[in-house]
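*Asks:* Before I ask anything, let me first share the structure, which is written out below as structure tokens.
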Amino acid sequence: WYQRRVRAPTLCRSNHTVTLFPGDGIGPQISESVKEIFAAAEVPISWEEHEVYPILEKNGKTRIPQPAIDSIFKNKIGLKGPMRTAIGKGHVSLNLTIRRTFGLYANVRPAKTVPGVKTPYSEGGVDCIIMRENTEGEYSGIEHTVVPGVVQSVKLITREASRNVAEYAFKYAVDNGRSNIVALHKANIMKMSDGTFLEECRKVAEKYPEIKYREMYLDSACLKIVKDPSQFDVMVMPNLYGDIFSDLTAGLIGGLGLAPSGNMGKDGIAIYEAVHGTADDLTAQNKGNPTALLMSGLMMLRHLELKDQADKIEAAVLETLKERKFVTGDIGGTATNPQYTAEICRKIRASS
């Protein structure tokens, strides 16, 4: 379903230790679901679990606890649940802090039609990949008050970061049998910043003549993908555009509860995550949908070259979604989290 041909030659061990950040809200609940399902499939993984919370340093910067940092640098691989961030006040986003801490320069967001989940696009199907620059742009966090009542936010674009995500996008396309890449931008308005991003994409494109490369205005792409998703394959773009556009594509397949995500960093570090919110209102009801975190976990397994286990889990998940007897409320069902999890585990054991 997702990342069937991704290559990860640097990570090939018989047993793996994976860092787990359960997160907030429904995060611990859906993390437990993933652990149960992986155990049912006998995935050779040991979990190293850490609580993540903001620590404000004297210089005003935010960091996460040192044991969590050490764990990722040691294991090189992590799975992360949703984390709560205050709106318009408080500490820097934990998601942003984690990306900066581990140099996670590329965010990979697949969007593919899910069998059994009806949307207006189910018949024609959706199958595209969003490649989002993950460290700068409008999310650099550089803001200040010019004069009372006037604030300024700086959009930071560097050649290095633009080149990193472009190179990852093209390599991903080659490794996964993709043939088209489109760079989304607003260089007609932000000529220097988005212009720099496009220049680096063009330089990388010259190295991959087998990949068809084109460019498109972000707003035009939003219109076109809603009308006909089939015209898109891999899309690469700056940070803010990727955040918005990937939520749009998640909507095409049924919502954020079905959308996986992976963050690729320097020195072989990779952290996979659910990109939906903490859904605090569902926590006490035991109705959290673990599919997005689970599918992110399958991306992680394929990265670790555990393809057989990933395929077995994926088949059980897709069959459960297609039958619709034990699906959660966000995708039209009435099942609780434990019921959905138990059904997937049952199917996995039955297939062994």
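The values are calculated or read from the model by the stated rules, or taken from the named source; none is laboratory data. Since the model is a prediction, treat every value here as computed from it, not as a measurement. When we count neighbours, we look across all protein chains shown, and the Cβ atoms used for this are built from the backbone with ideal geometry, even at glycine. Ligands, DNA and RNA are stripped out before the accessible areas are found, and what is left, the full protein with its side chains, is counted by its heavy atoms. Shrake-Rupley method; radii C 1.70, N 1.55, O 1.52, S 1.80 Å.
*Asks:* Could you check how many residues of the stretch 226-244 are part of a helix (DSSP H, G or I) and surrounded by 22 or more Cβ atoms within 10 Å (Cβ to Cβ)?
*Replies:* Final tally of qualifying residues: 3.
*Asks:* Scan the stretch 173-222 residue by residue and report those that are under 19 Å from ASP243 (Cβ atoms) and open to solvent by 10 Å² or more (accessible area, probe 1.4 Å).
*Replies:* HIS185, LYS186, ALA187, ILE189, MET190, SER193, MET216, TYR217, LEU218, ASP219, SER220, CYS222
*Asks:* Could you list all residues from the stretch 111-140 that are open to solvent by 60 Å² or more (accessible area, probe 1.4 Å) and either more than 30 Å from VAL204 (Cβ to Cβ) or not in a strand (DSSP E or B) (or both)?
*Replies:* LYS118, PRO120, GLU123, GLY124, TYR139
Let's see how each residue does on (1) of a type in the set (Gly, Ala, Ser); (2) open to solvent by less than 10 Å² (accessible area, probe 1.4 Å); (3) touching a Cys at 6+ places or on another chain (Cβ under 6 Å):
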{"site": "THR291", "(1), (2), (3)": "no, yes, no"}
{"site": "GLY297", "(1), (2), (3)": "yes, yes, no"}
{"site": "ALA310", "(1), (2), (3)": "yes, yes, no"}
{"site": "GLU314", "(1), (2), (3)": "no, yes, no"}
{"site": "GLU323", "(1), (2), (3)": "no, no, no"}
{"site": "VAL327", "(1), (2), (3)": "no, yes, no"}
{"site": "ILE331", "(1), (2), (3)": "no, no, no"}
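*Asks:* Give me the helices (runs of 4 or more DSSP H) completely within the stretch 267-352, filtered to those with at least 2 residues that are of a type in the set (D, E, K, R) and farther than 22 Å from THR19 by Cα, ordered by residue number.
*Replies:* 280-283, 307-323, 337-351
*Asks:* If you don't mind, another one. I need the full set of residues from the stretch 37-79 which are more than 18 Å from ASN263 (Cβ to Cβ), open to solvent by less than 50 Å² (accessible area, probe 1.4 Å) and assigned to a helix (DSSP H, G or I), in order please.
*Replies:* The answer is ILE37, PHE38, ALA40.
*Asks:* Out of curiosity, is VAL165 under 18 Å from ASP243 (Cα atoms), of a type in the set (A, V, I, L, M, F, W, C) and in a helix (DSSP H, G or I)?
*Replies:* Working: under 18 Å from ASP243 (Cα atoms): yes; of a type in the set (A, V, I, L, M, F, W, C): yes; in a helix (DSSP H, G or I): yes.
Against the criterion (under 18 Å from ASP243 (Cα atoms), of a type in the set (A, V, I, L, M, F, W, C) and in a helix (DSSP H, G or I)), VAL165 qualifies.
*Asks:* Only residues in the stretch 280-292 that are over 27 Å from GLU314 (Cβ atoms) count as the first member; pair them with residues that are open to solvent by 50 Å² or more (accessible area, probe 1.4 Å), Cβ under 8 angstrom, at least 6 apart or cross-chain, and list the lot.
*Replies:* ASP280/ARG84
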